[in-house]
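Taken together, the values in this text are just the output of simple stated rules run on the coordinates, not laboratory data. None of these values were measured; they are calculated from a predicted model. Backbone-built Cβ (ideal geometry, glycine too); neighbour counts: all protein chains shown.
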Amino acid sequence: MIGLQQVLRVFDSKPWVAHLYVTEQCNLDCHYCNEYDNSIPHPAVADLQKWMDHIRALGVARIGFQGGEPLKHPDIVELVRYAKSLGFDKVSMSTNGFLLTAELLADLEGAGLDQLQISVDRMTPIASTRKSMKSIVHKLDWFKDSKISLNVSGVLFKETLDEMGQVIDTCLDRGIPVHARVIHDDLLHDRALRDPAASEPLLRFIEKQEDLKRRGERIHTSWNLFSYEKKMLRQEPVEWTCIAGYKYFFVSSRGKFWLCSQVRTERDLLEITREDLLSYNKKKSCQAGCGVYCTAEASLAVSHPLQYVGREVAGMVASGVSRMQGGGPARIRDFALS
């Protein structure tokens, strides 16, 4: 969700966020994922530092460490520390959490990591995704006294739907922000991972999360993104301009400039200029039904800032009214999926 401190970035022409793949290796092999390649060695610290220098020089305010699994990089703490030294507003990381230890968490906190997102798809592992709450639930308590802001994310598709409600409840019971978002298609291999004929249960699950958020629960999704996901599932048009490559871009573990995780180029990051970034401020042929939600949400805010803010304010007002009225279900387990 877009914070008030970031509102000015909606109106200027500077890049906003960059995601840097500190490695493309991963310890898991989720069937839907096209963001790992264990044949590619970890990039050298010196190279990653050069890329961070350039990212910061371009004017980027926030940087996120991606993978693969970023905790596989042996120098991940040093990389976080270096990013903080460059003055980014926020340094974040996405992980499956399997390699996280209490000692490593303390080291990451000491290095200045601001936010950690742990990806969890089910309570128990299955062949298509081993990112299970069973494997990391004991680690959630480590964040009670940590300065690192934690949120949990889940990928919502047919094979996670039966246990995703339990994942969300487990987090809410611990006061941890959480969300589950609909799987995106694999554009790199032309794999359609969303079945339009099976949208109804996914749509109901999105609406269940909306209800929880309306009742004051810590669902880590904006009202704008809820609206976007529902329209996407209903195949309704959304008017917006994708800012991938302009205000929001990705950098591979080999220093290549990518518009997003699914749209990649062979251009070297160090050759990218502000003028290059500005050239990507245009609609993209792939933006209809886009499931790269971080980019989609930023695009919604930049394309229609007043509408974006209005929807968020309306949602907060509705949430306040709902809490005043009280009653009703407080967890997803209180709903029937059928």
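Scanning residues 5 or more positions from Asn27 or on other chains, those with amide H under 5 Å from its amide H are Glu69, with H placed 1.01 Å from N in the peptide plane. Residues whose amide H comes within less than 5 Å of that of Leu193, counting only those at least five positions distant or on another chain, are Asp185, Asp186 (H built at 1.01 Å from N in the peptide plane).
Ratio of Rg to Rh for segment 210-324: 1.06 [Cα atoms; Kirkwood radius as inverse mean 1/r over pairs].
Antiparallel beta bridges, as assigned by DSSP with both residues in the chain, represent about 15 percent of the total such bridges. Extension gain, Arg174-Arg204: 0.36 nm per intervening residue step, less the Cα-Cα distance, totals 8.4 nm. Projected onto planes of every orientation and averaged, the convex hull of the alpha-carbon atoms in the chain covers 16.3 nm².
The spread of Cα positions in segment 210-268, taken along each principal axis and listed from longest to shortest, comes to 46, 27, 17 Å.
Between Ser13 and Asp276, residue separation times 0.36 nm minus the direct Cα-Cα distance comes to 93.5 nm.
Using a Förster radius of 45 Å, what is the FRET efficiency between Lys283 and Lys147 based on their Cβ-Cβ separation? Nearest 0.05, please.
About 0.70, to the nearest 0.05.
Using the Cβ-Cβ distance between Ile40 and Ala106 with R0 set to 41 Å, the FRET efficiency from 1/(1 + (r/R0)^6) comes to roughly 0.90.
Volume of the convex hull of segment 1-116 (Cα atoms only), normalised per residue: 119 Å³. Remark on segment 153-221: ratio of C-alpha radius of gyration to 2.2 N^0.38 Å is 1.17. Of Asp12, Asp186, Asp89, the residue with the greatest mean-square motion in the GNM of the chain, using alpha carbon springs below 10 Å, is Asp12. Treat each spin label as a single point 7 Å out from the Cα along the C-beta direction, and report the Ile126 to Leu306 distance in nm. Going by the 7 Å Cα→Cβ label model, 4.6 nm. With a cut-off of 16 Å on the backbone N, the residues of segment 174-202 near the modelled label site 7 Å out from Arg333 along Cα-Cβ are 174-176. For the cross-link pairs Lys158/Lys283; Lys72/Lys282; Lys158/Lys231; Lys147/Lys230; Lys134/Lys256, the ones whose C-alpha atoms lie over 27 Å apart are Lys158/Lys283; Lys72/Lys282; Lys147/Lys230; Lys134/Lys256. Across the chain, Cα pairs under 8 Å and at least six residues apart give a relative contact order of 18 percent. Residues whose amide H lies under 5 Å from that of Ala180, counting only those 5 or more places away or on a different chain, are Gly154; hydrogens are built 1.01 Å from N in the peptide plane. Is any residue of segment 189-218 close enough, with backbone N under 20 Å, to a label point placed 7 angstrom from the Cα of Glu266 along the Cα-Cβ axis, and if so, which? Inside the label zone: 189-190.
3J(HN,Hα) along segment 24-30: 10, 7, 9, 8, 10, 9, 4 Hz, from the Karplus curve 6.51 cos²θ - 1.76 cosθ + 1.60 with θ = phi - 60°, whole Hz, x for Gly and Pro. Our helix-only sum for the chain, with -39,500 (n - 2.57) per DSSP H run of n ≥ 4 divided by its residues, gives a mean residue ellipticity at 222 nm of -10500 deg cm²/dmol.
Multiplying the residue separation of Asp29 and Gln166 by 0.36 nm and removing their Cα-Cα distance gives an extension gain of 47.1 nm.
Spin-label model, Thr241 to Arg191: label points 7 Å out along the Cα-to-beta-carbon direction sit 3.4 nm apart.
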